[in-house]
Amino acid sequence: MNEFNVVILGCGGYIGSHLLDRLLAKDGVSVSGWDLENRKIEQHLDDPRLRFHLADLGSTQSLAELEKEIDAADAVINLAAICNPAEYNTEPLRVLKANLFDLQPVIDLCAAAGKWIIHFSTSEVYGRTLSSYIPSDGEVRDDHFVLREDSTPLIMGPVKNQRWTYASAKQVVERLIFAHHYESGMPFTIVRPLNFFGPRMDYLPGHDGEGIPRVLASFMSALIDGKPMQLVDGGTARRTILSIDDAMDAVMLMLERPEQARNQIFNLGNPHNEVTISELAQTMRRVYASITGDPSFGRHPIVSVPAEDFYGPGYEDCDRRMPSIENARKQLDWSPTKSLEQTLLETMADYHATYVCSSAAAPARRPEAVGQAARA
Ligand SMILES: NC(=O)c1ccc[n+]([C@@H]2O[C@H](COP(=O)([O-])OP(=O)(O)OC[C@H]3O[C@@H](n4cnc5c(N)ncnc54)[C@H](O)[C@@H]3O)[C@@H](O)[C@H]2O)c1
């Protein structure tokens, strides 16, 4: 990659931190990075090739500065979002603002400057799959749950189920980007990630944040802090898990092959790593037993909780999301390589090293203690 100048919005988050690791390992790359936080990218803050702006994209001051940075950039990568399911129905206005209204002026700037925008959307734009509307005794075909970028319908639930605020905002942003491409030729790439798992994904409550993080960190927190792993509505929903390393390989290929990546939508997921959330919990406790060398983690308590108790009213879920990754295979010659087991092993070992081995945090408690805590 020769002399490449990129603006990254949301570069202080989970994916941003991994993308910075990859980009700044290359010669000739310079980055204008924007985020409200920088804890995950501290190791890069002194790099002269990173101009980091600790700033809110929603402010008018940021927009004026961004306009100059976008004009000078080869590409703009948007990762900024509020993307935690626990907030979709509890803070719907914040979710709509961060994922839609704050981004519109930035996308308009890209269009005015004719810049290539690489926008991280989500597989949530597919909404509920057709299979979730089919009666349990009805015939389910592949095309009821296999998600194809150009043909699968995007089905949102009712407005009162505010869980769909995130998905709806993301869908409108995709349509806005496509409309700019249609009307003024703005080059774009839309990435729809499906559950990228890796180190630094989310905080652990009570250690370095508060609230309900995404499922990986929720289960890690339960294992480390001796609480039961909680399955929302029994954990029957199925998801595919992609290693963050495989995901970053795909993004780097997009940057290296702009002709193949431009004006495309890519699902990025691993169809071979499909599990129910219940199976994910069972696999994680088994993997954690091997990381800690303590077989009793293999019996760590797993309980079911109703979605309404866990997330509050207005929550519903999608039963199954199976990505077609044919477009990424065809355009980028990309396919994922890491198994679920390997992805979990690497990710959980990093969490264990960070929160148990090298911090002042209490060491992981044994399930005997968990049982007492759960009964208390
Ligand atoms: N991680 C996944 O598996 C996954 C799955 C689906 C979609 N995505 C999408 O990928 C993108 C990145 O996800 P992530 O997992 O890194 O999320 P993340 O929450 O770790 O990172 C998002 C970053 O955006 C920043 N941000 C939000 N609002 C901002 C504002 N107004 N001004 C400046 N910064 C702001 C946050 O501070 C955060 O650091 C998001 O768009 C998300 O919707 C990720």
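The values are calculated or read from the model by the stated rules, or taken from the named source; none is laboratory data. Computed from a prediction, not measured in an experiment: that's the story for all the values here. FYI the Cβ positions are ideal-geometry reconstructions off the backbone, even for glycines, and counts take in every protein chain you see. Surface areas here come from the heavy atoms of the whole protein model, side chains and all, with no ligands, DNA or RNA. Shrake-Rupley method; radii C 1.70, N 1.55, O 1.52, S 1.80 Å.
Checking the conditions here, which among N78, N89, N84 is closer than 30 Å to Q162 by Cβ, modelled with pLDDT under 95 and within 9 Å of the ligand (Cβ to nearest atom)?
None of the others qualify; the one that does is N84.
Among the listed residues L24, L50, L79, L54, which satisfies the condition of being free of Cβ contacts under 8 Å to residues at least 60 places away in the same chain, out of contact with any Lys or Arg (no Cβ under 8 Å at 6 or more places or on another chain) and surrounded by 15 or more Cβ atoms within 10 Å (Cβ to Cβ)?
On the way: L24 fails: out of contact with any Lys or Arg (no Cβ under 8 Å at 6 or more places or on another chain); L79 fails: free of Cβ contacts under 8 Å to residues at least 60 places away in the same chain; L54 fails: surrounded by 15 or more Cβ atoms within 10 Å (Cβ to Cβ).
Just one listed residue meets the conditions, L50.
Only strands (runs of 3 or more DSSP E) whose full extent lies in the stretch 186-256 are considered here, and the ones with at least 1 residues that are more than 27 Å from L147 (Cα to Cα) are 229-232. Looking only at the stretch 279-295, residues that are in contact (Cβ under 8 Å) with a residue 12 or more places away in the chain and open to solvent by less than 30 Å² (accessible area, probe 1.4 Å) come to 7 in all. Among residues of the stretch 302-331 that are under 17 Å from P153 (Cα atoms) and in a helix (DSSP H, G or I), none has a beta-carbon under 9 Å from a residue that is open to solvent by less than 20 Å² (accessible area, probe 1.4 Å) and small (G, A, S) at least six positions away or on a different chain.
Looking across the stretch 27-47 at every residue that is open to solvent by 30 Å² or more (accessible area, probe 1.4 Å) and under 21 Å from the mean Cα position of the chain (by Cα), the one that is farthest from Q104 (Cα to Cα) is identified as E42. Residues in the stretch 5-21 that are within 17 Å of D74 (Cα to Cα) and surrounded by 18 or more Cβ atoms within 10 Å (Cβ to Cβ): 7 in all. Residues that are within 16 Å of the ligand (Cβ to nearest atom) and farther than 17 Å from I265 by Cβ within the stretch 109-127 comprise just one, L109.
Among the listed residues E65, E69, identify the single one that is buried (at least 18 other Cβ atoms within 10 Å of the Cβ), over 24 Å from the mean Cα position of the chain (by Cα) and either within 11 Å of the ligand (Cβ to nearest atom) or within 17 Å of P105 (Cβ to Cβ) (or both). Lay out the reasoning, then the answer.
On the way: E65 fails: buried (at least 18 other Cβ atoms within 10 Å of the Cβ).
When all the criteria are applied, what remains is E69.
Take A222 and tell me if it is modelled with pLDDT of 95 or more, more than 20 Å from the chain's Cα centre (by Cα) and of a type in the set (A, V, I, L, M). When the stated conditions are applied, A222 passes them. Can you find a residue that is in a helix (DSSP H, G or I) and either within 16 Å of the ligand (Cβ to nearest atom) or under 17 Å from Q264 (Cβ atoms) (or both) anywhere in the stretch 143-163? Taking every residue of the stretch 143-163 in turn, at least one turns out to be in a helix (DSSP H, G or I) and either within 16 Å of the ligand (Cβ to nearest atom) or under 17 Å from Q264 (Cβ atoms) (or both).
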